[in-house]
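The values are calculated or read from the model by the stated rules, or taken from the named source; none is laboratory data. This structure is a prediction, so every number in the text was calculated from the model and none was measured. Note: ideal-geometry Cβ built from the backbone for every residue, glycine included; neighbour counts use all protein chains shown.
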Amino acid sequence: NLLFQYGVMRRNRVEVISEMLGSALLELKQRAGTADFHKMDTEKLLNFILTLEQRLEKETDLRRLEHSESTKLKYLLGSTIEVD
């Protein structure tokens, strides 16, 4: 019973955090559309760009890995032989 309650509490926390993250990302997207980067120092702008590129690369690498792993799993499952 305690484990079940812990699982429910954890799921609730994950849902709340996910909703907050979604709201924060929407706000960030709105701000990015109105961002005024010409006032930013060149060094800060360059560091900002490099940080964004690294983050984007990380995000796309994770998706590529997920895709390749799912492809391997489909291949393995497709190559199995059913036995009566």
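Here are some notes:
- Selection status of residue 71, part of a loop (DSSP other than H, G, I, E, B), of a type in the set (Ser, Thr, Tyr) and at pLDDT below 85: no
- Scan of region 24-65 for residues that are exposed (fewer than 10 other Cβ atoms within 10 Å of the Cβ), β-branched (Val, Ile, Thr) and assigned to a helix (DSSP H, G or I), ordered by number: 42
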